[in-house]
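**Student:** Got a structure for you, questions after.
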Number of protein chains: 4
Amino acid sequence: MAVRFAILGAGRIGQVHSRAVAETEGAKLVAIADPVAAAAEKVRDTYGCDIRTIDQIAKSKDVDAVIIGTPTDTHADLIEKFCRVGKAVFCEKPIDLSVQRVKDCLKVVEETKGTLMVGFNRRFDPDFRALKDAIDAGHIGKVEMGTITSRDPGAPPISYIERSGGIFRDMTIHDFDIARWILAEEVETVLATGSVLIDKAIGKAGDFDSVNVILRTKSGKQCTITNSRRASYGYDQRIEVHGSKGSVSVENIYESRITVAGKDGYSRPPLVNFFLERYMPAYKAEIAAFVKTVTEGTPPPTTGRDGLLALALAEAAVKSVAEGRVVKVSEIIG
Amino acid sequence: MAVRFAILGAGRIGQVHSRAVAETEGAKLVAIADPVAAAAEKVRDTYGCDIRTIDQIAKSKDVDAVIIGTPTDTHADLIEKFCRVGKAVFCEKPIDLSVQRVKDCLKVVEETKGTLMVGFNRRFDPDFRALKDAIDAGHIGKVEMGTITSRDPGAPPISYIERSGGIFRDMTIHDFDIARWILAEEVETVLATGSVLIDKAIGKAGDFDSVNVILRTKSGKQCTITNSRRASYGYDQRIEVHGSKGSVSVENIYESRITVAGKDGYSRPPLVNFFLERYMPAYKAEIAAFVKTVTEGTPPPTTGRDGLLALALAEAAVKSVAEGRVVKVSEIIG
Amino acid sequence: MAVRFAILGAGRIGQVHSRAVAETEGAKLVAIADPVAAAAEKVRDTYGCDIRTIDQIAKSKDVDAVIIGTPTDTHADLIEKFCRVGKAVFCEKPIDLSVQRVKDCLKVVEETKGTLMVGFNRRFDPDFRALKDAIDAGHIGKVEMGTITSRDPGAPPISYIERSGGIFRDMTIHDFDIARWILAEEVETVLATGSVLIDKAIGKAGDFDSVNVILRTKSGKQCTITNSRRASYGYDQRIEVHGSKGSVSVENIYESRITVAGKDGYSRPPLVNFFLERYMPAYKAEIAAFVKTVTEGTPPPTTGRDGLLALALAEAAVKSVAEGRVVKVSEIIG
Amino acid sequence: MAVRFAILGAGRIGQVHSRAVAETEGAKLVAIADPVAAAAEKVRDTYGCDIRTIDQIAKSKDVDAVIIGTPTDTHADLIEKFCRVGKAVFCEKPIDLSVQRVKDCLKVVEETKGTLMVGFNRRFDPDFRALKDAIDAGHIGKVEMGTITSRDPGAPPISYIERSGGIFRDMTIHDFDIARWILAEEVETVLATGSVLIDKAIGKAGDFDSVNVILRTKSGKQCTITNSRRASYGYDQRIEVHGSKGSVSVENIYESRITVAGKDGYSRPPLVNFFLERYMPAYKAEIAAFVKTVTEGTPPPTTGRDGLLALALAEAAVKSVAEGRVVKVSEIIG
């Protein structure tokens, strides 16, 4: 029997998940909810499902699972609401911008014995997955140092930055999760630097557009993260992990595999642009993993705790830049 | 209104086309036909369509177009049959192993003003398409010389080789079509060499497993084709085109984009294996192009004449090896 | 007229410089000095020069310039000695492990109007030079962030580490210099992390074997440096610079340009190993630049001040790790 | 004791060999001969040797070996002359443009028990050597098919083409030698195609500027060669060999190892341009191999017979184009 889905939010990410559900074996899209009628109708017309309100969905017997793709400040409430009515919940990161609110929410998930998977799509990217498999297979020995490069093609609107919690919470958070995943050991301390190099308006909004972070685990493993809000050459997404016996790295994805040679040299096209194109296979694999979780009752591959810890690293990074010092994760998370 | 499809043949290629139709906007799978009930049922159950006989399909008012994925020796008859009843026809290459039979068949298509698209999937591969676009955009100037490398991971069963018309007609035929496409000028002469290096049984079946071909157009453009029935490292599919101002080439597709470094060096995974995985995006784009042809009444991007000429080049290659000389295409095609 | 050289020290680096002088147009090797007779004789026999003592060289009228390749703790004294007798001086980095001693030494250079070039060979590597040229030509716009990866094939003996001043002073110092070069703006603050992951004996000697550093300039430019004392795959030397209009990176040097493909994938050989092989062209270009400096009376491309500032960054890094905080370079250098 | 060299011809290739001898351990440049005084003086002044006439050199007791870098039509006579006086001879390819003259010359070499090495520099290229080593180590199993791509940056003057014997004898001849080397089995038949695509004047001179060749050995191994007189992107020199267990290929050499990324994509510089730069390490290794041959009395790695067979393949290719048929090497060589 297919897992029957309702999707909350028909915006950009809601549409991505609609498509992912529609194309995933064992998943069925039953309902879409969005206060903007046109957005909901577009999903309905494309994939053939009902339009319902969130409250209707909470009461729908023909819905097994919900995907939360609404604005961030509604995530925690919705997770609690749907755990309480026994629906499996897939929620986009972050659960909330407040560490305390996230902790409270996860308590409710635990009390209700709810199923919560948090959307860290990159872990499901086939190439990143292959990197992780190579590490787990022992090809590079013991993991020692990671290098994560993540640059967006262009900065989001200032209005987004003002609400997003800033670069560490809206952008680096993906890299924090990837760092925890590849180090396979909890991060103990965080060092970070931030600059405004691209757009002064970003600085006026209290944020940075160019940051570097060094994470360190108890045993001394380290991981650097480099982020920029702008890369002329496309969506730059690379991981490299160095270990006792070797290293493994993942190449970027170019718009095509051609190379043109001429008198000025050899040229390849820019990188794919942007995350919908870059990570569509990851979004699909993510939903397939959630379907497996729901169907087989196994633990979700990315948990509420993963969401909490990535957020805590973001908060530690903010504090590190502000105070010019090493910040312990325990200062944030207790 | 969606184009309503029936697919003739539920074997490997029929299943590929079923999936392509199911996932293509503006296309709808109505019926599948196959004498093997289990095969037809599998398609029906996966994509939700009727099972009908070929004769039923010919009479079905709810079918606009057919995809012919039956054994080669039925292709020409089926093309004629469906053109006569006014269905648009997409037929897998080759139309027939006999040049004369193909010519007769195309005459019927012409007389009935039928729509016939022949399946040369590679032209629709996104990377090959990008190469062609770069040529058409003038990035390499005037095309002078092409180099096509095409190696299968492993040889097909001898039983297949015995019926396929041999390596030039079942394998090189794709490269002949690509050569005509990138040279953008008809081939005038063919030179070819063949060896049996992989499996003596292939030689006993009257075929080669390793061949090289040089094609030459009237204006002197040249294209080499290298084929092998076996490559330990996967499905090797490369094109390089050299022109007056530069060159353009297409890289292979690896199983993933990771590189593992260790004491023995840097290693990337093998190539994807085999054509279903390698060319699935091409098969989908091909069906989308056919849908556009049917919907808009535009000429098909790959025509019956393309099918005829690729076959003629194959026959010329066979003759060139046998007689140890340059063979003119006009000797074959009249 | 050729610049006439004496080389102080016939150890590994002295031999490199002997070869560089011998193969550089406009340079002539006149004398070698080393307390170990066998070492001096080897240079004499290979390149055909005199053996003299350091004092004899200081008095030699047929010597225009000296190359100091003796142990670090003799560098500053020798620089002063030879500046005082009017010889042009090329000294291997570092000038001294003490910032104060370096400052005192540079004062003597200034007072004597001496010519001092400090050996930062990497700036003369043809590929790194091409990267710098691309930056200077404006190809990446305004420099924003650098990423330097530098990993040795294996750790040096503990006895070396005990005298070297530690990883930041003996290894990262090269990267500090490269960072200053590519940022083209002085570093204001240093953040660093260190771990012992490879060999506990390194930790017992008071050093780290795996470090990460973040440098930041006044205008907010950043540069990360990743160092490891061990890389199974060879001598890993990469630079990447990201700017407002693009990025530029330098690939490693492999033992050869072959790729072998087989059932396990595609493999390239390890990286060249070690610095003598990797940087021989750089050592030669460095001597050629010194010859130009001496001949034309132009300022040396790498100065005593470059030596001082790279050392100060090393000291700041040591302090940053020890105190878990951002360290200003002004704290070190005054 | 060093091998004492005289070089006949102080033109471009003579200068290359002068430098190679000067920088090779165990070799000493004693004399240069050239009717053009300025050319001879330049070599004398750069490397410090005598200027002598060819006849003087033939009588010089302080000369052990000669390098023949004079015009092609003098090669055979000079080989015979110097073999008769007991000097070891290194001669640039080709020995002569006439197969018969080459055969006669080799007879004299044999009768005089002379030492003759023919200059096929590419076999000594470090990367090509690594490819050959990988083959010999069994990494690709049994060799089945080779692909050689060789394109010059630009066509030579028509005056050169008129005397050179044409593209197959002056350019492809290097590839014929490489093909014999990697196939490790004598070629039995030759198929070739030629076009004039770059410059009609080349056609008027009776030559082609764009050619493809297929070689076939008795056991069925094949090798294709692609040549063009012009490549906008530099000196294109690639080899790929496919075998029963895998393949090995050699990448080109770029002007530097940088990649610049920007809004139009990722770009690398053109290839090094031209053969002096591309193959200088090969020229040096070649002379080192000749020194070893002379010193140790071992057979030369590239023999007069290699020169004869490469020429025979060139002649077979000319015949194949002219007659539009497979040409057996035995038709040429008897």
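**Student:** Would you mind telling me which residue in B:LYS28, B:LYS87, B:LYS59 has the biggest mean-square fluctuation in a Gaussian network model of chain B, where springs connect alpha carbons within a distance under 10 angstrom?
**Tutor:** Of B:LYS28, B:LYS87, B:LYS59, the most mobile in the Gaussian network model is B:LYS59.
**Student:** Averaged across A:232-243, how many Cβ atoms of other chains sit within 10 Å of each residue's Cβ atom?
**Tutor:** Partner-chain Cβ atoms within 10 Å, mean over residues of A:232-243: 5.
**Student:** How crowded by other chains is C:146-158, given as the mean number of beta carbons from other chains within 10 Å of each beta carbon?
**Tutor:** 1
**Student:** Choose one answer from B:ALA33, B:ALA316, B:ALA22: the residue with the largest mean-square fluctuation in a GNM of chain B with alpha-carbon springs under 10 Å.
**Tutor:** B:ALA22
**Student:** Using only helices, what value at 222 nm comes out for chain B when you add -39,500 (n - 2.57) per DSSP H run of length 4 or more and divide by the total residues, to the nearest 500 deg cm²/dmol?
**Tutor:** Dividing the helical sum by the residues of chain B leaves -12500 deg cm²/dmol.
**Student:** Now a separate question. Where does each of C:LYS204, B:LYS103, D:LYS93 land when they are ordered by accessible area, with a 1.4 Å probe and the largest first?
**Tutor:** Highest to lowest solvent-accessible surface, that is C:LYS204, B:LYS103, D:LYS93.
**Student:** Considering only the label points, 7 Å along Cα→Cβ from Cα, what distances in nm to one decimal separate B:PRO157 from the same position in each other copy, shortest first?
**Tutor:** Nearest first, the other copies' label points are 6.1, 6.7, 6.8 nm away.
**Student:** Let me ask something else. To the nearest whole number, what is the average tally of beta carbon atoms from other chains within 10 Å of the beta carbons of peptide D:187-193?
**Tutor:** So the per-residue partner count for this stretch is 3.
**Student:** Farthest toward the dipole's positive end in chain C, which of C:ALA285, C:ALA65, C:GLY324, given Cβ charges of +1 (Lys, Arg) and -1 (Asp, Glu) about the Cα centre?
**Tutor:** Toward the positive end, the furthest listed residue is C:GLY324.
**Student:** Still on this structure: Any lysines with Cα under 22 Å of the B:LYS328 Cα? List them, leaving off those in the same chain fewer than 8 positions away.
**Tutor:** Leaving aside lysines fewer than 8 places away in the same chain, those within reach of B:LYS328 are B:LYS103, B:LYS218, B:LYS221, B:LYS319, D:LYS319, D:LYS328.
**Student:** A further question on this structure: Let me spell out the model: positive unit charges on the Cβ of Lys and Arg, negative unit charges on the Cβ of Asp and Glu, origin at the Cα centre of the range A:1-74. What dipole size does that give, in debye rounded to 20?
**Tutor:** It comes to approximately 40 debye.
**Student:** With +1 on each Lys and Arg Cβ and -1 on each Asp and Glu Cβ, and nothing else charged, work out how big the dipole of the range D:226-267 is about its Cα centre, in Debye to the nearest 20.
**Tutor:** Computed about the Cα centre, the dipole is about 80 debye.
**Student:** What lysines sit close enough to A:LYS292 to cross-link, taking a C-alpha to C-alpha distance under 25 Å and skipping anything fewer than 8 places away on the same chain?
**Tutor:** In chain and number order, the partners are A:LYS28, A:LYS59, A:LYS61, A:LYS81, A:LYS87, A:LYS93, A:LYS107, A:LYS113, A:LYS132, A:LYS284, B:LYS42.
**Student:** Need one word for the range A:1-157: rounded, prolate or oblate. Basis is the Cα gyration tensor (sqrt eigenvalues a ≥ b ≥ c); a/c below 1.5 gives rounded, then a/b vs b/c decides.
**Tutor:** prolate
**Student:** From the protein chains alone at 1.4 Å, what is the descending order of accessible area for D:ASP175, D:ASP96, largest first?
**Tutor:** Accessible-area ranking of D:ASP175, D:ASP96, largest first: D:ASP96, D:ASP175.
**Student:** So, one more: What is the range B:84-225 by shape, rounded, prolate or oblate, if you read a ≥ b ≥ c off the alpha carbon gyration tensor as root eigenvalues and call it rounded for a/c under 1.5, prolate for a/b larger than b/c, and oblate otherwise?
**Tutor:** In terms of gyration-tensor shape, oblate.
**Student:** Also, I was wondering about something else. Under a GNM of chain D (C-alpha, springs under 10 Å), which listed residue has the highest mean-square fluctuation: D:VAL211, D:VAL248, D:VAL66?
**Tutor:** The residue with the greatest mean-square fluctuation here is D:VAL248.
**Student:** Show which aspartates and glutamates lie in cross-link reach of B:LYS263 when reach means a straight Cα distance below 14 angstrom and same-chain residues fewer than eight apart are skipped.
**Tutor:** By straight Cα distance, B:LYS263 reaches C:ASP152, C:ASP236, C:GLU255.
**Student:** To confirm my reading of the symmetry, which residue of chain C has the Cβ nearest the axis that brings C onto D, and what whole-Å distance does it have?
**Tutor:** C:GLU23, 4
**Student:** Another question about this same structure. Shortest first and in nm with one decimal, please list how far the A:GLN100 label point sits from its counterparts in the other copies (point 7 Å along Cα→Cβ).
**Tutor:** Ordered by increasing distance: 5.0, 9.1, 10.4 nm.
**Student:** With a 1.4 Å probe and every protein chain kept in, tell me what percent of the accessible surface of the range B:168-219 is carbon plus sulfur.
**Tutor:** 49 percent
**Student:** What is the Cα centroid distance between the range C:267-334 and the range D:133-185, reported in whole angstrom?
**Tutor:** 44 Å
**Student:** In terms of the Cα gyration tensor, with a ≥ b ≥ c the square roots of its eigenvalues, is the protein assembly as shown rounded because a/c is under 1.5, prolate because a/b exceeds b/c, or oblate?
**Tutor:** Judged from the Cα gyration tensor, the protein assembly as shown comes out oblate (a/c at least 1.5, b/c at or above a/b).
**Student:** Once the other residues with Cβ under 15 Å from the Cβ of C:ARG123 are scored (Lys, Arg +1; Asp, Glu -1), what is the net sum?
**Tutor:** 0
**Student:** Further question: Add +1 for every Lys or Arg and -1 for every Asp or Glu among the other residues with Cβ under 9 Å from the Cβ of D:ALA155, and state the total.
**Tutor:** -1
**Student:** Okay, moving on. So how strong a dipole does the range B:1-135 carry about its Cα centre when Lys and Arg Cβ are +1 and Asp and Glu Cβ are -1, to the nearest 20 debye?
**Tutor:** Dipole of the range B:1-135, to the nearest 20 debye: 160 debye.
The values are calculated or read from the model by the stated rules, or taken from the named source; none is laboratory data. All of these numbers come straight from a predicted model, not from anything done at the bench. Glycine also receives a Cβ, built like all others from the backbone with ideal geometry; neighbour counts cover every protein chain displayed. The accessibility values were calculated without ligands, DNA or RNA, using every heavy atom of the protein model including side chains. Shrake-Rupley method; radii C 1.70, N 1.55, O 1.52, S 1.80 Å.
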